[in-house]
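Inspection log for the structure reproduced underneath, given as structure tokens.
The values are calculated or read from the model by the stated rules, or taken from the named source; none is laboratory data. Note that the coordinates shown come from a computational prediction; the quantities given were computed from them, not determined experimentally. Neighbour counts are summed over all protein chains in view; Cβ atoms, including those assigned to glycine, are modelled from backbone coordinates with ideal geometry.
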């Protein structure tokens, strides 16, 4: 992913107001982000831990930002493991969270949302590249796809989710 400026990030959001985008906190390590290892930027807002944000390059190359709600810590899952719907990394149940995004425009202002299960730390790019390992009994599932194919699959899954949010 190409490095983005704070202004590019804040102006990319499709499902929040300009004021909300202006108030969101960028990742604490924003200045040191490994942009060359990211397929999209995702983070939990350090000023509002029940909010998360994702910015992807978008299908036309212009950044698309999505703001998300993070489930409260008291939510538990009966599942022993889960799979991220973006990067398809298997995790222990606590390693995947159902993140919910308000829809863009009038439908979102009416309270309509769409959700997907995503790596709880939103570090899909690092899992794809083996830079971070999931906590899963039995280890990571092996795939025959190349790194480029895994990246393309994750980008397609994220683009599909972003399209659902944008309507």
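Of (1) at pLDDT below 95; (2) touching a helix residue (DSSP H, G or I) at 6+ places or on another chain (Cβ under 6 Å), residue 48 satisfies all except one. Which?
(2)
Testing residue 108 on (1) in contact (Cβ under 8 Å) with a residue 12 or more places away in the chain; (2) assigned to a loop (DSSP other than H, G, I, E, B), one condition comes back false. Which one is that?
Of everything listed in (1) in contact (Cβ under 8 Å) with a residue 12 or more places away in the chain; (2) assigned to a loop (DSSP other than H, G, I, E, B), residue 108 misses just condition (2).
Kindly list the number of the only condition in (1) within 23 Å of residue 127 (Cα to Cα); (2) touching a strand residue (DSSP E or B) at 6+ places or on another chain (Cβ under 7 Å); (3) part of a loop (DSSP other than H, G, I, E, B) that fails for residue 26.
For residue 26, the exception is condition (2).
Looking at 65, 58, 47, which one is under 14 Å from the mean Cα position of the chain (by Cα) and part of a loop (DSSP other than H, G, I, E, B)?
Answer to the selection: 58.
Does any residue of region 9-19 turn out to be touching a strand residue (DSSP E or B) at 6+ places or on another chain (Cβ under 7 Å), modelled with pLDDT under 95 and part of a strand (DSSP E or B)?
Taking every residue of region 9-19 in turn, none turns out to be touching a strand residue (DSSP E or B) at 6+ places or on another chain (Cβ under 7 Å), modelled with pLDDT under 95 and part of a strand (DSSP E or B).
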